[in-house]
Amino acid sequence: AMDWQVLTRELSLYLESQVRVGFFGSGVGLSLVLGFGVAYACYYLNSIAKKPRLVASNDRFCRFLEEYCPVVTETYYPTIWCWEGRVQTLLRPFITSRPQVQYRNELIKTADGGQISLDWFDNNDSSYYPDASTRPTVLLLPGLTGTSKESYILHMIHQSETLGYRCVVFNNRGIAGEELLTPRTYCAANTEDLEAVIHHVHSLHPSAPFMAAGVSMGGMLLLNYLGKTGRDTPLMAAAIFSAGWNVFESVESLEKPLNWLLFNYYLTTCLQSSISRHRQMLEKLFDMDLVMKARTVREFDKQFTSVMFGYRSIDDYYEDASPCRKLKSVGIPVLCLNSVDDVFSPAHAIPVETAKQNANVALVLTSCGGHIGFLEGIWPRKCTYMDRVFKQFVQAVFEHGNKIFSM
């Protein structure tokens with residue numbers, strides 16, 4: 001007993017000498033810090049770190065994912081110091097690294113006289129697929145105002161490079177530095193440009209396995225395309241990340257005071273700056289002064305997007321742009337990752353019941369992750385949970401796809 005007393009006295013003297021100053025100099029301070037640390041760890045492990053919810057009516061699709069894309073069944077441990085949805089959404093662009101990617105740009109003409117900028121990552125050094133004609137190809141669709149330079153796109157390309165695949169990024173009209181040749185940009189509902197790009201890529205490499213991945217608005221556009229085409233598409237499968245399922249619910253969520261302050265106003269200014277470069281061309285059809293006065297995404301869509309694509313009202317546009325209405329018609333395997341704390345796509349608007357009615361659809365719903373956040377690890381510079389889902393699912397489709405295509 002004497003030895004134990006000596007040991008504890010020595011330890012407390014050592015700790016006091018290490019943390020002699022102020023509050024922490026007392027045993028009470030140290031105990032409080034340790035107590036808080038233990039309580040926080042318990043809270044994190046019990047309430048924050050959870051397995052995602054996998055929603056899929058097709059047992060074969062479920063078994064396929066469990067075997068070849070196990071990340072969707074494993075516990076997701078969000079970054080311990082920033083797991084809240086808004087914080088993850090805000091920090092990801094600043095924290096995550098930006099892998100170096102050398103693109104080859106291609107401009108393709110559209111039927112209406114416009115042009116689309118494609119950024120190719122050919123991966124000609126691919127040792128797994130040295131034959132370019134059969135090298136698997138992933139079409140990537142960035143989010144609203146996003147281009148091939150977004151960090152999440154660069155990470156997807158980095159993951160694809162290690163697997164030997166080729167990537168091509170579909171930049172929406174007028175976004176990636178190219179000129180607008182007609183007074184038309186893009187929207188989530190109109191799939192004509194995407195159809196042209198898919199046809200173009202497939203015609204260049206008709207023997208190459210081909211799939212697509214869309215993020216945020218890119219995911220919405222891809223879902224709207226898949227809902228329209230059903231099985232009649234050269235794509236084998238698709239991955240969708242942080243899509244806004246119901247545009248009415250998304251804009252309503254983004255108009256709540258805090259969300260307006262953090263996201264809506266900034267997003268509106270991004271939309272305005274992306275079209276201000278083309279002001280001369282667009283002034284032929286729009287009152288640009290009015291468009292530039294918009295203070296919310298809804299006001300911008302009312303004055304600009306819905307008018308450009310000939311909708312009678314903004315409600316008609318939002319109805320047409322909402323992928324939840326098209327999900328039942330999707331005819332190829334689709335994996336959709338959403339976080340239930342994403343303010344851009346509120347949990348109550350995720351079409352869980354509709355997804356259960358389509359054997360081609362699997363939803364993966366995490367409790368944390370925000371909008372294109374999904375940060376994990378103590379210092380989440382490199383790979384996010386979303387990147388890992390992308391890598392495993394794309395590899396599963398290209399290398400074991402025949403296991404689900406007999407569904």
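For the stretch 247-321, the residue among 317, 296, 254 whose Cα projects farthest onto the positive side of the dipole built from Cβ charges is 296.
Normalised size of the stretch 247-321, defined as Cα radius of gyration per 2.2 N^0.38 Å with N residues, equals 1.09. Between the stretch 302-363 and the stretch 111-146, how many Å separate their Cα centres? When both Cα centres are located, 25 Å separates them.
With viscosity set to 1.567 mPa s and temperature to 4 °C, compute the Stokes-Einstein D of the chain, Rh being the Kirkwood radius across alpha carbon pairs; µm²/s, no decimals. Don't skip to the answer; put the middle values down first.
Details: Rh = 22.9 Å.
The estimated diffusion coefficient comes to 57 µm²/s.
A viscosity of 1.306 mPa s and a temperature of 10 °C, combined with the Kirkwood radius over C-alpha pairs in the Stokes-Einstein formula, give the stretch 14-143 a diffusion coefficient of 75 µm²/s. Considering only alpha-carbon pairs that sit under 8 angstrom and 6 or more positions apart, the relative contact order computed for the chain is 24 percent.
Hey, what D do you get for the stretch 166-245 in µm²/s if you plug the Kirkwood alpha-carbon radius into Stokes-Einstein at 10 °C and 1.306 mPa s? Using the Kirkwood radius from Cα pairs, D works out to 119 µm²/s.
Using a Cα-Cα cut-off of under 27 Å, which lysines could be cross-linked to residue 328, ignoring same-chain neighbours fewer than 8 residues away? Result set, ordered by chain and number: 51, 228, 356, 391, 403.
Protection proxy ranking, highest mean first, for peptides 354-360, 163-169, 123-129: 163-169, 354-360, 123-129, where packing is the per-residue count of other beta-carbon atoms within 10 Å, averaged.
Projecting label points 7 angstrom from Cα along Cα→Cβ for residue 38 and residue 94 puts them 3.4 nm apart. Compare 153, 378, 175 in a GNM of the chain, Cα atoms joined below 10 Å, and give the one with the largest fluctuation. Fluctuation is largest for 378.
Return a whole-number percent for the relative contact order of the stretch 247-321, with Cα pairs under 8 Å and 6 or more residues apart as the contact set.
On the way: 46 pairs, mean separation 24.7, N = 75.
Dividing the mean separation by the residue count of the stretch 247-321 yields 33 percent.
Compute a Gaussian network model of the chain, connecting alpha carbons closer than 10 Å, and tell me which residue from 312, 279, 388 fluctuates the most. The residue that fluctuates most here is 312.
Under a model in which nothing but the beta-carbon of Lys, Arg (+1) and Asp, Glu (-1) is charged, the chain shows a dipole of about 160 debye around its Cα centre. Angle check, please: helix 265-276 long axis (alpha carbons) against the longest principal axis of the chain (alpha carbons), in degrees 0 to 90, nearest 10. Around 30 degrees separate the two axes. At the residue level, residue 340 shows approximately 60 square angstrom of accessible surface with a 1.4 angstrom probe and all protein chains present.
The values are calculated or read from the model by the stated rules, or taken from the named source; none is laboratory data. This structure is a prediction, so every number in the text was calculated from the model and none was measured. So basically every Cβ, Gly included, is an ideal-geometry build from the backbone, and we count neighbours across all protein chains shown. Ligands, DNA and RNA are stripped out before the accessible areas are found, and what is left, the full protein with its side chains, is counted by its heavy atoms. Shrake-Rupley method; radii C 1.70, N 1.55, O 1.52, S 1.80 Å.
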